[in-house]
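One structure is given here, and the rest of the page talks about it.
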Amino acid sequence: MDNATGNTATRQKTAGKRGALWFAGIVLAGVAGFLVWVGVTNARNPEEPVTLTVLAGSELRSVVENPEVAESLRRSTGVTLVPTYAGTLQGAESVVGGSPKCDDGAGKQVDCDLAWFSSDRYMNLLFEERKAENPSASRPWAASTGETGRSPVVLGVKPAAAQRLGWEEGSTVPWTQIADAAEAGELSFFMTNPAASNSGFSALVSVASAFHDSAAPITVEEIDDAALTGFFSGLVRTAGSSGWLSREFTASQDEADALINYESELVALNQSGDLTENLVIVYPDEVVYADYPLTQIDAAHGDTFAGIDSWLDETATQELLTRVSYRRPQSASDALPDAAIPKADPNPVALPEDLNTADRLIDNYLKDYRDPANTIYVLDDSRSMAGTRINQLQQAFGDLTGNDTSVTGQFARFREGERISIMPYARKPGTIDTFPLEDPESSPAELDPIRDYVRTRMSAEGDATAIYEALAVAYRDIASDTTTAEGYYTSIVLMTDGENNAGASLRSLAAFEAAFEQEGWADLGVPVFVVMLGDDRQAVADVTRLAELTGGRTFDAARNSIASAFKDIRGYQ
């Protein structure tokens, strides 16, 4: 073979190798691109969607149930969340106790997969206390995302009150000045119950911290009871839920000057258009921030939880969350806060470092700082209560008189200075028996007559129920009793299956609504909290309307229990 022929052959072989290499490169690039596409497709449209139950604070409703957020989460991780809502403190205790239960979306109670509260601080304090008592105790949750957003607990003040007090939008006002205004009768406010809700607990810690002279976390010895009593003299309405309290403030705007709540709740109220005038958002000198950590309870979902954690950290997710919830993005996020959120940046307050201080603050609030409760329990005593229901009712009163030894159970007990009244009803309203309590903590025997009454006087033998007539008797009793007009927080607890089939004159909801206005019961400001035993759709609608009419709320005892409903209601009293 001559040189020319050889060179030609060599060039052909070289070109063939280059062509083969080029083709192989194209194939490899295509394969790599396909794998990336498959990965993205699987991330955005997973082949195996996952449904997880989450025990959440009510203030997370605006996120968990937002369709845009739910779709973003599903597309990114394949996860759909099914929420069950609980107060932060009660939810935290159930997680630490290792037995949190959630609704699976089909009415069945199952173990919760996740927990999502405005804060996990109290949950950690509870676990540290348990660990100190039992060093071998293991943490009952698998992981936590840490901060997923931020919202300080601040004041929303009606414009007239803000002008009177010299406070402007976004201004910094010391808690001590706010407390002075409340004690002087110049500021009335709504705030959630610290024993049930994190926003109330955060406010309590912030105010207490303002009255001690150290930047260190407050301790039991530094609590200024007199100053806190003065501050809470301005409290006119409480609740176990931040979201519910905001809605109730909207419905009762003439009742108070201000609302203490998360900044996000106050901004949402101002954006809603439901207020007569937008609130002036005022920032105390030190505040507690909610940081909304998501907690993994079931360790089996580790990979899925990691995917949710990554999704929460994405800038696009943070921008979405601040837009729909008015919460500030994570501290480390590049996302900007929604334009409706004020630019103020209040200083964070140091939280108690031990459970004893936190619990003492809550206990003192329940016992000393707030007005004691005056409650009339209007209880169905018809045949529909026989058997399981009457046993549950006896358990409920047993728990409220000391049988429930859990932390939140102790907070829910009947307390010093309260007035507990019980009125059974069936075809006709019964008589009202009242049990004034002096100091049941020191003298537990004070509570025996309440337990004995429910055990021996409730017969479950009535053949009909006169719901509205019974409520009328309760309201007339309250209206005529001048001794409880001041110094008590009065409410009615109605236990019913929703069926009204008796009564001399008030035989319908419409008749009760008319009497509610005509007899001046609306002016009393006494809410009815309904413990609903039935599940008939129309009956549920009627009692829900009844509760809303009076400024109260309905609690589902058909799917849960009478005891849990009674305990939850204590957060609203």
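The values are calculated or read from the model by the stated rules, or taken from the named source; none is laboratory data. Here the structure is a predicted model, which is why all the values come from computation and not from measurement. Every residue, glycine as well, gets a Cβ built from its backbone with ideal geometry; the counts of neighbours run over all protein chains shown. Side chains are part of the model used for accessible areas, which takes the heavy atoms of the whole protein and leaves out ligands, DNA and RNA. Shrake-Rupley method; radii C 1.70, N 1.55, O 1.52, S 1.80 Å.
Between Asn391 and Arg164, what length in nm is gained on full extension when 0.36 nm per residue of separation is reduced by their alpha carbon distance? Can you show the working numbers first?
Details: separation 227, 0.36 × 227 = 81.72 nm, distance 5.37 nm.
Additional length available on full extension: 76.4 nm.
Can you compute 3J(HN,Hα) from phi for each residue in region 538-549, using the Karplus curve 6.51 cos²θ - 1.76 cosθ + 1.60 with θ = phi - 60°, rounded to whole Hz and x for Gly and Pro?
5, 5, 4, 4, 5, 6, 5, 4, 4, 4, 5, 4
So what is the relative contact order for region 478-552, in percent, with contacts set as C-alpha pairs under 8 Å and at least six apart? Show your work: numbers first, answer last.
Details: 78 pairs, mean separation 28.5, N = 75.
Reported as a whole number, the value is 38 percent.
Ranked highest first by the average count of other Cβ atoms within 10 Å around their residues, in what order do 67-79, 115-127, 495-507 fall?
On the way: 67-79: 16.8, 115-127: 22.8, 495-507: 19.4.
The peptides rank, most packed first, as 115-127, 495-507, 67-79.
Once each part is reduced to its C-alpha centroid, what is the distance from region 48-96 to region 553-568 in angstrom?
Comparing the Cα centres of region 48-96 and region 553-568, I get a distance of 21 Å.
How much length, in nm to one decimal, is gained on full extension between Glu186 and Ala445, taken as 0.36 nm per residue of separation minus their Cα-Cα distance?
89.2 nm is the gain from fully extending Glu186 to Ala445.
Let me have the 222 nm mean residue ellipticity of the chain computed from DSSP H runs of 4+ only, each contributing -39500 (n - 2.57), with the sum over all residues rounded to the nearest 500.
Working: 21 runs with 242 residues, N = 573.
Computed ellipticity for the chain at 222 nm equals -13000 deg cm²/dmol.
How charged is the neighbourhood of Gly430? Take every other residue with its Cβ under 13 Å from the Cβ of Gly430, and add Lys/Arg as +1 and Asp/Glu as -1.
Working: positive: Arg427, Lys428, Arg457; negative: Asp380, Asp381, Asp433, Glu461, Glu469, Asp477.
Here the count lands on -3.
Any idea how far apart Ala70 and Ala510 come out in nm if each label point goes 7 Å out from Cα toward Cβ?
Here the modelled spin labels are 3.6 nm apart.
Over the heavy atoms of Lys101, what accessible area does a 1.4 Å probe trace out, to the nearest 10 Å²?
Its heavy atoms expose roughly 100 Å² to the probe.
Mind listing the long-range amide H neighbours of Tyr289? Cut-off is under 5 Å, sequence gap 5 or more, other chains count too, H placed in the peptide plane at 1.01 Å from N.
Val349
Testing the spin-label approximation: label points 7 Å from Cα along Cα→Cβ at Glu438 and Lys101. State their distance in nm.
With each label placed 7 Å out from Cα toward Cβ, I get 4.0 nm.
Below 12 angstrom from the Cβ of Pro140, what's the summed charge of the other residues (Lys, Arg +1; Asp, Glu -1)? Provide the component values of the computation, followed by the final result.
Details: positive: Arg130, Lys131, Arg139; negative: Glu93, Asp111, Asp298.
Counting the neighbours of Pro140, the net charge comes to 0.
Mind giving me the nanometre distance, one decimal, between the label points for Asn134 and Arg383, set 7 Å out from Cα along Cα→Cβ?
4.7
Tally up the carbon and sulfur contribution to the accessible surface of the chain as a whole percent, 1.4 Å probe, everything protein left in place.
Details: 11980 of 24890 Å².
Result for the chain: 48 percent of the exposed heavy-atom area is carbon or sulfur.
If you average the C-alpha positions of region 284-308 and of region 222-245 separately, how far apart do those two centres end up, in angstrom?
Taking the Cα centre of each part, region 284-308 and region 222-245 sit 27 Å apart.
Please tell me which of these pairs span more than 30 angstrom C-alpha to C-alpha: Lys158/Lys343; Lys101/Lys131; Lys101/Lys428; Lys108/Lys131?
Numbers: Lys158/Lys343 20 Å; Lys101/Lys131 23 Å; Lys101/Lys428 39 Å; Lys108/Lys131 32 Å.
Violating the 30 Å Cα-Cα cut-off are Lys101/Lys428; Lys108/Lys131.
Using alpha carbons only, how many angstrom separate the centre of region 172-186 from the centre of region 135-154?
Answer, in whole Å: 32.
Using modelled amide H (1.01 Å from N, peptide plane; none on Pro or chain starts), what sits under 5 Å from the amide H of Ala143, excluding residues fewer than 5 places away?
Here the answer is Gln296, since their amide H atoms fall under 5 Å of that of Ala143.
If r is the Cβ-Cβ distance from Asn347 to Gln410 and R0 is 35 Å, what FRET efficiency results, to the nearest 0.05? Display every interim value, and only then the final one.
On the way: r = 33 Å, r/R0 = 0.93.
For Asn347 and Gln410, the calculated efficiency is 0.60.
Excluding ligands, DNA and RNA, what is the solvent-accessible area per residue of the chain at a probe of 1.4 Å, expressed in Å²? Spell out each step's value before the answer.
Details: 24890 Å² over 573 residues.
Averaged over the residues of the chain, the accessible area is 43 Å².
Let me check I've understood the local charge: for Asp380, count other residues with C-beta under 11 angstrom from its C-beta, Lys and Arg +1, Asp and Glu -1. What total comes out? Working shown, then result.
Numbers: positive: Arg383, Arg389; negative: Asp381, Asp497, Glu499.
Every neighbour counted, the sum reads -1.
If you take volume of the Cα convex hull per residue in Å³ from the coordinates, which of (1) 328; (2) 171; (3) 213 do you get?
(3)
In whole percent, what relative contact order does the chain give with Cα contacts below 8 Å and a gap of six or more residues? It would help to have the intermediate numbers written out before the result.
Values: 1065 pairs, mean separation 77.1, N = 573.
That works out to 13 percent.
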